[in-house]
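To keep things clear, I will list the structure first and then write my remarks on it.
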Amino acid sequence: MAGDEEESTYEDFQDELETKARGFGKGKYGRILKMARTPSKDEYVKTLYITAIGIIVIGFVGFAIWWLMTVLPTYF
């Protein structure tokens, strides 16, 4: 009897997963998923450059703040 309840739980779980999988492309994100595509090499390189510049700028700002708070006060 306990085995039947456990098997029923697994079947319910399987049915729930299959229902969600069937409706995956039909919900509010379905249109976005249909429009999505792999970026071209040129788009990827531009994104890479912009991201690298952003990381360098954020690192420089962090270094400047660290320098202002630790090194600069020793001169006064």
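The values are calculated or read from the model by the stated rules, or taken from the named source; none is laboratory data. From a predicted model like this one, the values you see are computed outputs, not experimental measurements. Note that we place each Cβ from the backbone using ideal geometry, even for glycine, and neighbour counts take in every protein chain shown.
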Checklist entry - Within the range 36-61, can you find the residues that are more than 17 Å from the chain's Cα centre (by Cα) and basic (Lys, Arg)? => result 41, 46
Checklist entry - All but one of (1) at pLDDT 85 or above; (2) among the hydroxyl-bearing types (Ser, Thr, Tyr); (3) surrounded by 10 or more Cβ atoms within 10 Å (Cβ to Cβ) hold for residue 70; which doesn't? => result (3)
Checklist entry - Could you count how many residues in the range 33-48 are surrounded by 10 or more Cβ atoms within 10 Å (Cβ to Cβ) and either in contact with a Lys or Arg (Cβ under 7 Å, 6 or more places away or on another chain) or assigned to a helix (DSSP H, G or I) (or both)? => result 7
